[in-house]
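The values are calculated or read from the model by the stated rules, or taken from the named source; none is laboratory data. Here the structure is a predicted model, which means the values were calculated and not measured. Note: ideal-geometry Cβ built from the backbone for every residue, glycine included; neighbour counts use all protein chains shown. Quick note on the areas: whole protein, heavy atoms, side chains included, nothing else; ligands and nucleic acids left out. Shrake-Rupley method; radii C 1.70, N 1.55, O 1.52, S 1.80 Å.
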Amino acid sequence: MTLIRWLLGRLILSLEFITRPKPLLREKKEQKKVNSTTSKLSLYQFNACPFCVKVRRHIRKYSLNIELKDAKNCISYKEELKTGGGAHKVPCLRIDHTTKHTEWLYESDEIIAYLKQEFPLS
Ligand SMILES: N[C@@H](CCC(=O)N[C@@H](CS)C(=O)NCC(=O)O)C(=O)O
């Protein structure tokens, strides 16, 4: 079972690599603005999770500099996710609105919808 899961993971990552979308090219000033907003975001994820791959592809396509946090291998990220978000489920987008108000957004489709709304293609 572990071997099958590992093989599936490799397959997902290989397919992802072969079919990677081309990142959007923004003007420097525009990208700087986007970077400033994305600095408040981070994605808790697993490397070979298909739902995480879907979100990462969107992030790449739209050239969003969002920090990726490996919640499988990094114990502290795993704990942050469980304590802050309430569940050890990925993908989860952490949105630090202020130092006191943090939102934890689960579900790949919802994360993508949020990113599309926040960073529309102009
Ligand atoms: N409907 C969810 C499915 C997410 C999901 O099933 N994630 C799995 C990894 S692929 C997970 O977090 N499992 C919990 C665990 O492995 O501890 C989505 O689209 O984000």
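Of all positions in the range 92-103, none carries a residue that is within 16 Å of the ligand (Cβ to nearest atom), touching a residue at least 60 places away in the same chain (Cβ under 8 Å) and open to solvent by less than 20 Å² (accessible area, probe 1.4 Å).
Taking the options 71, 87, name whichever one is under 29 Å from residue 14 (Cα atoms) and in contact with a His (Cβ under 9 Å, 6 or more places away or on another chain). On inspection, the qualifying residue turns out to be 71. Which residues, counting only those in the range 1-20, are surrounded by 11 or more Cβ atoms within 10 Å (Cβ to Cβ) and assigned to a loop (DSSP other than H, G, I, E, B)? 20 - this is the single residue of the range 1-20 that is surrounded by 11 or more Cβ atoms within 10 Å (Cβ to Cβ) and assigned to a loop (DSSP other than H, G, I, E, B).
Within the range 37-51, if we keep just the residues that are closer than 15 Å to residue 114 by Cβ and of a type in the set (A, V, I, L, M, F, W, C), the residue that is farthest from the ligand (Cβ to nearest atom) turns out to be 41.
Against the numbered list (1) in contact (Cβ under 8 Å) with a residue 24 or more places away in the chain; (2) over 30 Å from residue 5 (Cα atoms), residue 27 comes up short only at (1). Filtering 111, 59 for residues that are under 26 Å from residue 11 (Cβ atoms), out of contact with any Gly (no Cβ under 9 Å at 6 or more places or on another chain) and within 13 Å of the ligand (Cβ to nearest atom) leaves a single hit, 111.
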